[in-house]
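Below is one structure, written out as C-alpha cells; the observations come after it.
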Amino acid sequence: MTLALDTATIRDPEILAALEPEWWSLWRRCPGATPFQSPAWLLPWWEVFHPGELCTVTIRESGRLVGLAPLYLEISENGQRLLPLGIGISDYLDVVIDPDIPDAAATLSRHLSQPATWSVWEIPELAAAAMTRLLPCPDRCREDMTPASICPVLTLAGHAGPAAVLPKTRQRKLRMAHRRIRRRQEPCILLADGLNVGALVDELIRLNRLRHAG
C-alpha cells in the first residue's frame, strides 16, 4: 500500500531552526546518518554561510517527519543549482530518510521536479551507503555519477588501544594533549550514543570555534 506523504519546502531559516527537535528524532532513526546530516552541524553552517536561498524539503507521514532534504538554491548568471547545506566543509553529504518509509525517496524527487526551477541538482561527497542513492532521477533530468574526494576510515579492531592503531607521531600528539588537560583536571573518554551525540557534537563545534578564535 502506498503511503500518503505530505511535502513542503522551507525557505525561512527560523522555520528550519524550529524543526530541530523533529530533525534529531529523524536523524536518530537513520542508521546511516552521520553527524554531518545533524542539525548540530547544518544549522550553524547555514547561520554562518547562507550562500543562497534556502530550499529545504520536508516529508511527513500523518504529521510525522519521515524525510528531510537540507538544500538551498545557488543563483548565478548560469542558472540555479540545487545544493546541499554543509557543502564545502563536510566529509559526507546526504538527505535523511526514515528507513521504514522507502516511498519518501520517490516523493522527494517528485516534489523537487514540480516545477523544477533549478538546472542542476548536485550532491557531492556521498558515502557508499548514502540515502541519496535511493532517490529516483527526477523527470527530464540526466543522472551523472563522478568520483568524490577520498575520505580515509580507520577501523578499530575490538578493544585495541591507541598504540595498536595510531602512528607514533599521532600517539605523541595525543600524549601531549593529555598532559595539557591534566594540568586543569583529570581527563576522561566518553563514548557517543543516541542519547548524548547531540551534546557532544555541540561541544565539538564550541571547541573548534575557540581553537580558531585563539
Cβ-derived FRET efficiency at R0 30 Å, Ala129 paired with Lys173, nearest 0.05: 0.45
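What does the helix-only formula give at 222 nm for the chain: each DSSP H stretch with n ≥ 4 adding -39500 (n - 2.57), the total divided by the residues, and the result rounded to the nearest 500 deg cm²/dmol?
Estimated from H runs of four or more residues: -10000 deg cm²/dmol.
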Amide H partners (placed H, <5 Å) of Thr56, local residues excluded: Ile10, Leu71
Over the stretch 67-177, relative contact order from alpha-carbon pairs under 8 Å, at least 6 apart, %: 24
Difference of contour (0.36 nm per residue) and Cα-Cα distance, Arg11 to Asn208: 68.1 nm
Neighbour-limited loop hits for GluC sites (Glu not before Pro), the stretch 115-198 (at most 10 other Cβ within 10 Å; DSSP other than H, G, I, E, B): Glu143
Candidates per GluC sites (Glu not before Pro) in the stretch 19-101, loop by DSSP, up to 11 other Cβ within 10 Å: Glu77
Of all accessible heavy-atom area on the chain, the percent that carbon and sulfur account for (1.4 Å): 56
Difference of contour (0.36 nm per residue) and Cα-Cα distance, Ile75 to Arg110: 10.4 nm
Convex hull of Cα atoms in the chain, direction-averaged projection (nm²): 15.5
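Show me the trypsin sites (Lys or Arg not before Pro) within the stretch 1-89 that DSSP assigns to loop and that have at most 15 other Cβ atoms within 10 Å of their Cβ.
Arg11
The values are calculated or read from the model by the stated rules, or taken from the named source; none is laboratory data. Worth saying up front: this structure is predicted, and the values here are computed from it rather than measured. With ideal geometry, Cβ positions are generated from the backbone for all residues, glycine too; neighbour counts draw on all protein chains shown. In case anyone asks, the SASA skips ligands and DNA or RNA and just uses the protein heavy atoms, side chains included. Shrake-Rupley method; radii C 1.70, N 1.55, O 1.52, S 1.80 Å.
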